[in-house]
Amino acid sequence: DIRQESDRHSEAIDAITRALGLGRYLEWDEEARIAWLSAELVSPRPLIPDAGTLAADERVKEVLATFALLATLPPECLGAYCISMARSASDVLAVRLLQVKSGVKSPMRVAPLFETREDLQNAPRVVARLFSVAAYKGAIGGFHEVMLGYSDSSKDAGKFASLWELHVAMEKILEAGRAAGVRINFFHG
């Protein structure tokens, strides 16, 4: 498995959109991000500029190098790609897009990790929005993994409130999956 924080993927996408003269991805609202990511997921054009022409810091270079490395590995070596601090549908779409445009032949399952109390409360809405993206839903084969975090939500809300938020989030995420015809598999961390 691979695990990286959502902000790191957003920074990489921002470097790409700036290099292509499309503006600053980091300044786009969620719907603009989803629209662009969705269009790029089905676009046959190459997206990621050559590393030599991409003005990027070491953090972005590391993210792009990780995806380039994934493209060289056999699919049986790859498990799930966990996105820590996931907060939006675009966080998941960004990872899918980076895999596809980096040449990963059989993209890894993308599992958002909802960690804070607020993220747990928003998770059902995020998952429902993600499943409304045809380019993504069509690629996941009716199955999706979601990771739920305990430590940050316990710090935010306390142990008992955190456990309640986890329970409510799981029930509502399952509802969102059923409504979209997607089976949900939870794992906890």
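The values are calculated or read from the model by the stated rules, or taken from the named source; none is laboratory data. Note that the coordinates shown come from a computational prediction; the quantities given were computed from them, not determined experimentally. What goes into the accessible areas is simple: the full protein's heavy atoms, side chains included, and nothing from ligands, DNA or RNA. Shrake-Rupley method; radii C 1.70, N 1.55, O 1.52, S 1.80 Å.
Taking only protein heavy atoms and a 1.4 Å probe, the accessible area of the stretch 74-133 is 49% carbon and sulfur.
Dividing the convex hull volume of the alpha carbon atoms of the stretch 111-152 by its residue count gives 57 Å³ per residue.
Scattering from the stretch 103-189 was approximated by placing one identical point on each alpha carbon and applying the Debye formula without solvent; log10 I(q)/I(0) at 0.19, 0.22, 0.26 1/Å stands at -0.80, -0.99, -1.25. Based on protein heavy atoms only, the chain ends up with 48 Å² per residue of surface accessible to a 1.4 Å probe. Whole-percent P(r), the chain, all Cα pairs, 5 Å bins from 0: 1, 8, 17, 20, 20, 15, 10, 5, 2, 0, 0. Taking the three principal axes of the alpha carbon atoms in the stretch 61-117, the coordinate ranges are 37, 23, 17 Å, sorted in descending order. Both radii are taken from the alpha-carbon atoms of the stretch 30-102; with Rh as the Kirkwood radius, Rg/Rh is 0.96.
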